[in-house]
Amino acid sequence: MSSNSNRGVVYLKPGSVEVQKIDFPTFRNPAGKTIDHGVILKVVTTNICGSDQHMVRGRKTAPAGMVLGHEITGEVIEKGRDVEYLQIGDLVSVPFNVACGRCRTCRDGATPTVYVAGAGPVGLAAAASARIYGAAAMLIGDMNQERLAHATRVAGLTDQPDLSHRLRAETTCRAPTVLLPIGSGAISL
């Protein structure tokens with residue numbers, strides 16, 4: 001395949017996806033407005049997210065023609081003029097929960113308290129990302145006690161019986177609290 005082709009896994013209908021040629025990304029949103037604070041990546045690798053599997057298996061709906069795969073690692077090949085922290089050639093990992101780093105809330109450091117519902121590998125990665133992006137307080141919960149014990153050992157994150165009280169006590173910012181339902185268990189479906 002030539003280097004000037006762009007391909008993606010495209011959702012057709014429940015149980016049916018296909019690799020198709022797709023348009024190259026641009027610095028414009030669907031309405032045509034210029035986006036100066038983004039980057040374009042050359043995908044190095046991608047994950048298959050549980051949300052992609054739900055759509056393919058028919059548990060959730062998706063529009064036909066939707067390109068799947070939103071958790072990627074890629075090389076920055078173009079950047080908008082307002083991008084401050086990335087350079088062409090940087091290798092970056094893109095989780096599902098990305099902070100912009102440029103809005104008033106991010107610049108003021110008024111980041112939210114984050115509760116991650118799911119303490120498996122993806123939940124721990126989400127919690128780590130939230131901490132990196134400056135979450136004011138970080139909590140994680142799971143119905144699986146072994147996963148909770150592991151989260152406590154490796155990251156100091158624990159579920160709390162009176163979550164709303166702890167969220168109010170630990171939140172010192174104006175931003176809203178964020179709930180991240182992670183995984184495919186009963187806690188997040």
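Miscellaneous remarks
- Condition check for ILE77: assigned to a strand (DSSP E or B) and either more than 23 Å from ALA125 (Cα to Cα) or at pLDDT 90 or above (or both): yes
- Some residue of the stretch 24-38 being touching a residue at least 12 places away in the same chain (Cβ under 8 Å), surrounded by 15 or more Cβ atoms within 10 Å (Cβ to Cβ) and β-branched (Val, Ile, Thr): no
- Test: residue in the stretch 65-74 that is in a loop (DSSP other than H, G, I, E, B) and more than 17 Å from the chain's Cα centre (by Cα): yes
The values are calculated or read from the model by the stated rules, or taken from the named source; none is laboratory data. Predicted, not measured: the structure shown is a model, and the values here were computed from it. Cβ coordinates were reconstructed from backbone atoms using ideal geometry, including for glycine residues, and neighbour counts include every protein chain displayed.
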